[in-house]
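A.B. asks: Sending over a structure as structure tokens; questions will come in a sec.
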Amino acid sequence: MKKPPAEIIQAFPPELLEKLIVMRDRLVAWNRKFALTSVADDEIFDRLIAPSAWLGSRYGMEEVGAIADFGSGPGVPGLAMALADHRNRYILIDSSQKKIGFIKHCLTVKDLYQANNVEARLSRVEPGEYKEKFDRVVTRATGSMLSTIKLWEGKVKESGAFDFFKGSGVDAEIEELEAAIPTARVEELKTPGWFGHLKILRVYFT
């Protein structure tokens with residue numbers, strides 16, 4: 001497996017980097033058996049794990065609260081975020097038994113997760129209110145911003161927000177969201193150059 005670029009290595013403390021590489025190696029092994037992601041083995045760290053951990057490091061600087069990773073897949077972004085953030089609570093939600101199985105496997109790896117701040121849920125998110133309310137929803141590759149926000153209506157606190165990992169060409173999605181929900185505000189987080197075309201868009205409401 002190729003070594004991550006120097007600019008990514010320098011973005012994380014050595015102890016965290018070591019854990020992220022363990023996660024990568026586990027994901028590569030499981031992916032070969034169960035096809036958890038279409039991303040090539042050599043790109044899993046740079047494209048999936050490192051950007052997720054970067055956002056987790058930012059979350060760890062504040063008391064966010066309960067964070068739902070919607071459509072977590074093989075723990076992207078939530079599993080890597082939680083490795084970088086022991087301050088907040090992560091609930092990783094996916095409807096795929098294989099993908100939740102991988103997440104649960106990682107949670108049992110010795111010395112990988114020392115903080116009891118991650119929960120994996122095999123579940124499909126349905127419309128309607130939840131008794132439990134989340135402070136933040138983070139998601140990647142789960143449909144449009146508008147459809148996701150509508151699905152999560154009644155499940156997020158009034159002061160809550162959404163963080164979307166998106167590629168280029170997202171302008172139409174933003175326009176659709178702002179037209180449908182005039183109180184929605186979209187902010188693009190400033191990310192390192194090694195993110196490439198990947199963006200993190202934060203949506204909150206006024």
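Every number in this text was worked out from the coordinates using simple rules, so none of it is lab data. These figures come from a predicted structure and were not determined experimentally. So basically every Cβ, Gly included, is an ideal-geometry build from the backbone, and we count neighbours across all protein chains shown.
A.B. asks: Using the Karplus curve 6.51 cos²θ - 1.76 cosθ + 1.60 with θ = phi - 60°, work out ³J(HN,Hα) for each residue of the range 46-54 in order, rounded to whole Hz, and write x for Gly and Pro.
C.D. replies: So the J values, rounded to whole Hz, are 5, 8, 10, 6, 4, x, 5, 5, 4.
A.B. asks: Under 19 Å between alpha carbons, and skipping anything fewer than 8 positions from residue 199 in its own chain: which aspartates and glutamates qualify?
C.D. replies: 7, 43, 46, 69, 163, 171, 173, 175, 176, 178, 187, 188
A.B. asks: So, one more: Tell me, in nm to one decimal, what length is gained between residue 191 and residue 131 on full extension, where the rule is 0.36 nm per residue of separation less the Cα-Cα distance?
C.D. replies: Computed gain between residue 191 and residue 131 is 18.2 nm.
A.B. asks: Where in the chain is the longest stretch that carries no GluC sites (Glu not before Pro) classed as loop by DSSP and with at most 15 other Cβ atoms within 10 Å?
C.D. replies: Value returned for the longest uninterrupted segment is 64-128.
A.B. asks: Right, something else. Please compute the alpha carbon radius of gyration of the range 8-56, then divide it by the globular-protein estimate 2.2 N^0.38 Å. Two decimals is fine.
C.D. replies: This ratio for the range 8-56 stands at 1.12.
A.B. asks: Turning to a different aspect of this structure: Once Rh is set to the Kirkwood radius over Cα pairs, what Stokes-Einstein translational diffusion coefficient, in µm²/s, holds for the range 121-173 at a temperature of 20 °C and a viscosity of 1.002 mPa s?
C.D. replies: Reported coefficient: 178 µm²/s.
A.B. asks: Compute the longest continuous run of the chain that contains no exposed trypsin sites (Lys or Arg not before Pro); treat a site as exposed when its DSSP state is not H, G, I, E or B and it has at most 16 other Cβ atoms within 10 Å.
C.D. replies: On the way: sites that count: 2, 87, 110, 124, 131, 133, 190.
Here the longest segment lacking exposed loop sites spans 3-86.
A.B. asks: Express in whole angstrom the spacing between the alpha-carbon centres of the range 60-88 and the range 5-45.
C.D. replies: So the two Cα centres are separated by 16 Å.
A.B. asks: Projecting each Cα onto the charge dipole of the chain (Lys/Arg +1, Asp/Glu -1 at the beta carbon, about the Cα centre), which of 88, 116, 167 comes out farthest on the positive side?
C.D. replies: About the Cα centre, the residue reaching furthest to the positive side is 116.
A.B. asks: Next up: On a straight-distance basis, which aspartates and glutamates could pair with residue 157 in a cross-link, Cα separation under 13 angstrom, same-chain partners fewer than 8 positions away excluded?
C.D. replies: 129, 132, 135
A.B. asks: On to the next question. Rounded to the nearest 5, what % of the DSSP beta bridges within the chain are antiparallel ones? Don't skip to the end; give the middle numbers.
C.D. replies: Details: 10 of 30 bridges.
Roughly 35 percent of the DSSP beta bridges within the chain come out antiparallel.
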